[in-house]
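Trainee: Here it is: the structure, laid out below.
Throughout, read-outs are computed from the coordinates displayed, never taken from laboratory work. Since we're looking at a predicted model, the values are computed, not measured. Every residue, glycine as well, gets a Cβ built from its backbone with ideal geometry; the counts of neighbours run over all protein chains shown.
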Amino acid sequence: MKLFVQITIIHFILSSLFSCAQLDKIQDTEEVYNFDLTSVVDSAVKDLSRTSPAVEKKVLYDGQEDKVASSTINWEDELEVFEDADINKPILKNSYQKSIQNKSDGGTLTRFEASGPRELVRWMEIEKNSDGELLKIAFKMLTDNSLYATEKEGQLVFSEGQKLKSYAIEGIQTIVFLGDKHYSIEGNLVY
């Protein structure tokens, strides 16, 4: 349980740091510049809050593993880290190169690649089936400044009907005077 508390504290600190760094860039908009991850996460949060599935979560922090199963999850807090990877802000309008690959099964893989070094999200991939339904969203984020550096990869996996099936975050954070901390969180939903 101690490990779970540590991960929660780290999540709060990182969310606060990212939120503060991005405050001047956030504007409400309905225009889609790149991929609107915030809308996907908001929709998943509403669905999960309504259906209340259980989650089996595996947390790994500095080599220590903890498994948690719960049916009382605040989904807005649980998936907040994924909203940090939003690339659909007006300031990022021309910051990503978009490429689409057609898959042999009729689905598509769309990739957004950062065109410069300042973008927090380095790349994002959106996989859809032949009906245009989301199957998977994956991304990589990098932050580097004088106080801390983070490298984070995340993914959301969807089942038929675009219901969230699982989510994962894996990363390394380096904080001045504390060194490197490796972590990963994997959550599997049980409907």
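Trainee: A 26 angstrom limit on the alpha carbon distance is what I want to check against. Which of K46/K128; K93/K152; K67/K163; K93/K163; K93/K181 exceed it?
Mentor: Details: K46/K128 21 Å; K93/K152 22 Å; K67/K163 23 Å; K93/K163 28 Å; K93/K181 33 Å.
Beyond 26 Å: K93/K163; K93/K181.
Trainee: Could you derive backbone 3J(HN,Hα) for the stretch 141-156 from the dihedral phi with the Karplus parameters 6.51, -1.76 and 1.60 (θ = phi - 60°), listing whole Hz in sequence and x where the residue is Gly or Pro?
Mentor: 10, 10, 9, 8, 9, 6, 9, 7, 9, 9, 10, 9, 10, x, 8, 10
Trainee: How high is the FRET efficiency from A168 to K93, r the C-beta distance, R0 41 Å, rounded to 0.05? Let's see the in-between values first.
Mentor: Working: r = 29 Å, r/R0 = 0.70.
The pair A168/K93 has a calculated efficiency of 0.90.
Trainee: What is the sum of charges around V157, taking Lys and Arg as +1, Asp and Glu as -1, for the other residues whose C-beta is under 11 Å from the C-beta of V157?
Mentor: Overall, the nearby charge balance is +1.
Trainee: Could you pull out which residues in the stretch 65-81 have an amide N less than 18 Å from a spot 7 Å beyond the Cα of V190, following the Cα-Cβ vector?
Mentor: Within reach of a label on V190, which here means backbone N under 18 Å from a point 7 Å along Cα→Cβ, the stretch 65-81 contributes 66-75.
Trainee: Turning to a different aspect of this structure: Among the aspartates and glutamates, which have Cα under 18 Å from the Cα of K58 when same-chain residues fewer than 8 positions away are ignored?
Mentor: D66, D77, E78, E80, E153, E170, E186
Trainee: For the modelled label position 7 Å from the Cα of K103 along Cα-to-Cβ, which residues of the stretch 114-139 have backbone nitrogen atoms closer than 13 Å?
Mentor: Inside the label zone: 125-138.
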